[in-house]
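Engineer: Got a structure here, written out as structure tokens. Questions coming.
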Amino acid sequence: MKKILVLGGNGFIGRNLCRYLRGAGEDVYSFDMSYPKEQDKGIHYLEGDFFDDYTLREMIEGMDIIFHAICTLNPGNSNEKCILGYERDFVQTAKLCNYIKDKNCRLIFLSSGGTVYGNQEHQPISEDAVPVPINHYGNLKLCIENTIRTFNFQSKRHMLVARISNPYGPGQDYLKGVGFIDAALKRALHGEPIEVWGDGSIVRDYIYIEDVCRMLHALVYYHGPYEVFNVSSNTATSQKDVLRIIEQLVPHVEIRYLPARNVDAHTIMLDNSRMKEVDDFELIRIEQGINRYYEYIVDNMNEER
């Protein structure tokens, strides 16, 4: 059993991760700005401000593993709020690395495989590709990654970077700025038009949140040579493909096409072969995942809206 702290434990990934880790028998601590309305049995909840140095030092004391899932930006708002991200997220994560460099614990940073790579010619994209992010969200994540690499080299640490592609599933809220599948399903179920930025040809590597959590848990016990891992499905799915699956569940949906955004790379498909070396898992296919999430939303309509 590991003593594991999840920074950002109330978020979409954070909350699912805490539940998965607890179910796997780990000693789990969830840290966020406030306590969640519903608390899960067996998870220790901590309240405080990640950007307060004293609080951060207190929270990390005695931990074996720290998952860092806090970010004040998202891809859609990163152009307008980029300085906030650089001033706060980047600086505070550098402090976190400095605080733990002499401690017997390890950081696993949740980066963004959907944005750090940018527009790449070769697909699927491996961890060895040179990242060329086209929005500030991806660049912020990359700046933090490079800081972690430097601390690893200088302090002989083994902090890890998990580049998560495009997760979806229970607990996601597209109103916070991310989640095409989440938005499409919920809008369809409520008879609202589904908004598509561009012509629907944008391709993403969608991965069900349960698979994300399983891969992240596997990294807790990884002690090999790699620093960076793609946490992905290794499958390319366009927005049009997603809509076709949803239309089989909710017929006659209205689709509203809007001008393409310059913050969106056209195609992201990530090679997960390195991750499979750590844990050779069977992934939830996109059709299966969307169907499973559809059933969850229908069963929890009031809570999800």
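The values are calculated or read from the model by the stated rules, or taken from the named source; none is laboratory data. None of the values given here were measured: they were computed from a predicted structure. Please note: Cβ atoms are built from the backbone with ideal geometry, for glycine as well, and neighbour counts cover all protein chains shown. Areas reflect the complete protein model, heavy atoms only, side chains present, ligands, DNA and RNA absent. Shrake-Rupley method; radii C 1.70, N 1.55, O 1.52, S 1.80 Å.
Engineer: Could you please report the charge total around Thr147, scoring K, R as +1 and D, E as -1 over all other residues with beta-carbon less than 13 angstrom from its beta-carbon?
Structural biologist: Net charge in that neighbourhood comes out at +2.
Engineer: Rg to Rh ratio, segment 89-214, alpha-carbon atoms and Kirkwood radius?
Structural biologist: 1.03
Engineer: Sticking with this structure for a sec: Roughly what angle does helix 209-220 make with the longest principal axis of the chain, taking Cα atoms, 0 to 90 degrees, to the nearest 10?
Structural biologist: The two axes meet at around 20 degrees.
Engineer: What ranking of His190, His266, His217 comes out by heavy-atom accessible area, probe 1.4 Å, highest first?
Structural biologist: Largest to smallest exposure gives the sequence His266, His190, His217.
Engineer: Just to be sure I understand: of the beta bridges DSSP finds with both ends in the chain, what percent are antiparallel, rounded to 5?
Structural biologist: Here the antiparallel bridges make up roughly 5 percent for the chain.
Engineer: Using all alpha carbons of segment 58-111, what is the percent of pairwise distances in each 5 Å bin, ordered from the shortest bin to the longest?
Structural biologist: Bins of 5 Å from zero give 4, 18, 26, 21, 14, 9, 6, 1 percent of pairs.
Engineer: Taking the Cα atoms only, what angle lies between the long axis of helix 91-100 and the longest principal axis of the chain, rounded to 10 degrees?
Structural biologist: The two axes meet at around 50 degrees.
Engineer: Find the Cα radius of gyration of segment 9-79, compare it with 2.2 N^0.38 Å by division, and give the number to two decimals.
Structural biologist: Compared with the compact-globule rule of thumb, segment 9-79 sits at 1.16.
Engineer: With N residues in segment 149-241, what two-decimal value do you get for its Cα radius of gyration over 2.2 N^0.38 Å?
Structural biologist: 1.37
Engineer: Reported to two decimal places, what Rg/Rh ratio describes segment 204-268 when computed on Cα atoms with Rh from the Kirkwood expression?
Structural biologist: Here the Rg-to-Rh quotient is 1.11.
Engineer: Turning to a different aspect of this structure: How much accessible area per residue does the chain have, in Å², with a 1.4 Å probe?
Structural biologist: 46
Engineer: Give me the percent of the accessible area of segment 207-276 that comes from carbon and sulfur atoms, probe 1.4 Å, all protein chains in place.
Structural biologist: Of all accessible area on segment 207-276, carbon and sulfur atoms account for 50 percent.
Engineer: Taking 2.2 N^0.38 Å as the expected size of a compact globular protein, what ratio does the Cα radius of gyration of the chain give against it, to two decimals?
Structural biologist: Here the Cα radius of gyration is 0.97 times the empirical estimate.
Engineer: Now for a separate question. From the helices alone, meaning DSSP H stretches of at least four residues, give me the mean residue ellipticity at 222 nm for the chain, per-run term -39500 (n - 2.57), in deg cm²/dmol to the nearest 500.
Structural biologist: Helix-only estimate at 222 nm: -11000 deg cm²/dmol.
Engineer: Then there is this: Please report the spacing between the Cα centers of segment 1-35 and segment 62-96 in Å, no decimals.
Structural biologist: Each part reduced to its Cα centre gives a spacing of 18 Å.
Engineer: Also: Please report the net charge: other residues with Cβ closer than 12 Å to the Cβ of Ile65, K and R +1, D and E -1.
Structural biologist: +1
Engineer: So, one more: Taking the Cα atoms of segment 11-152, what is the range of coordinates along each of the three principal axes, in descending order and whole Å?
Structural biologist: 46, 31, 30
Engineer: Lysine pairs, Cα distance under 23 Å, 8 or more residues apart or cross-chain: how many in the chain?
Structural biologist: Close lysine pairs found across the chain: 26.
Engineer: Right, another one. When the chain is fully extended, how far beyond the present Cα-Cα distance does Asp40 get from Glu80, taking 0.36 nm per residue of separation?
Structural biologist: In short, 10.8 nm is gained.
Engineer: Take segment 94-149, compute every pairwise Cα distance, and split them into 5 Å bins from 0; I just need the percent in each bin.
Structural biologist: Each 5 Å bin holds this share of Cα pairs: 4, 17, 27, 19, 14, 10, 6, 2, 0.
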